[in-house]
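Chemist: Structure provided below as structure tokens; questions to follow.
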């Protein structure tokens, strides 16, 4: 059971990204084929793909935070001594955490309003709350991953190891 939980923790975002990406590709492909071969398209296809893309984007943002692959300029950071690198990574994580907490608080309002008044989507006719939940879910995952990174940085600091760095695009 512990191995399964570790596998999920290590790859949860990747599995979710794969599911949403496949859904988008299959939906858009079927809609294109319907439109050009049958001269007919569904009401739900474009809307479902759009909402899956929203989930894909927010879960992808959490995956980037986990891998420390989010957008930043690392050239000066890599030239800094190990102590300064650690401090800058922690500073960046704390700022990311602050941003994610603020965004989570502000993203909760539209979701709560949708739940209260029962708004539905135009094409699918399902509760809009299912799709508005993507933003708080994404920022919650980001908060979880940033806290994990801070704990790992603390462990690395105590053990005298260098901090985990992001993957490099060019070597």
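Chemist: In deg cm²/dmol and to the nearest 500, what is the mean residue ellipticity at 222 nm of the chain if only DSSP H runs of at least 4 residues count, each as -39500 (n - 2.57), divided by the residue total?
Modeler: -26500 deg cm²/dmol
Chemist: Separate question: Under the √(5λ) rule applied to the eigenvalues of the Cα gyration tensor, what semi-axes describe the equivalent ellipsoid of the range 2-159? Give them in Å, descending.
Modeler: Semi-axes from the Cα gyration tensor: 37, 19, 14 Å.
Chemist: Evaluate E = 1/(1 + (r/R0)^6) for residue 6 and residue 90, where r is the Cβ-Cβ distance and R0 equals 30 Å; express this FRET efficiency to the nearest 0.05.
Modeler: Once the sixth-power term is evaluated, E becomes 0.75.
Chemist: If you rank 29, 113 by fewest surrounding Cβ atoms within 10 Å, what's the result?
Modeler: If I rank by nearby Cβ atoms, fewest first, I get 29, 113.
Chemist: Another one. For residue 40 and residue 120 in the same chain, what is the full-extension length gain: residue separation times 0.36 nm, less their Cα-Cα distance, in nm?
Modeler: Residue separation times 0.36 nm, minus the Cα-Cα distance, leaves 26.4 nm.
Chemist: Another question about this same structure. I want to check the label-to-label distance for residue 14 and residue 151. Put each point 7 Å from Cα in the C-beta direction and report it in nm to one decimal.
Modeler: Label at residue 14, label at residue 151, 2.1 nm between them.
Chemist: Can you give me the Cα centroid spacing of the range 4-55 and the range 93-143 in angstrom?
Modeler: Computed from Cα coordinates, the inter-centre distance equals 20 Å.
Chemist: Taking neighbour Cβ counts within 10 Å as the exposure measure, how do 112, 128 sort from fewest upward?
Modeler: 112, 128
Chemist: Indicate the gyration tensor shape class of the range 14-87 (rounded, prolate or oblate), computed on the Cα atoms with a ≥ b ≥ c the square roots of the eigenvalues: a/c under 1.5 is rounded; otherwise a/b larger than b/c is prolate and the rest oblate.
Modeler: Prolate.
Chemist: What FRET efficiency comes out for residue 82 versus residue 53 if R0 is 45 angstrom and r is the Cβ-Cβ distance? Round to the nearest 0.05.
Modeler: Efficiency computed from Cβ-Cβ geometry: 0.70.
Readers should treat all values here as calculations from the given coordinates under stated rules, not as data from a laboratory. Fair warning: this is a prediction, and the values are worked out from it, not measured in the lab. Neighbour counts are summed over all protein chains in view; Cβ atoms, including those assigned to glycine, are modelled from backbone coordinates with ideal geometry.
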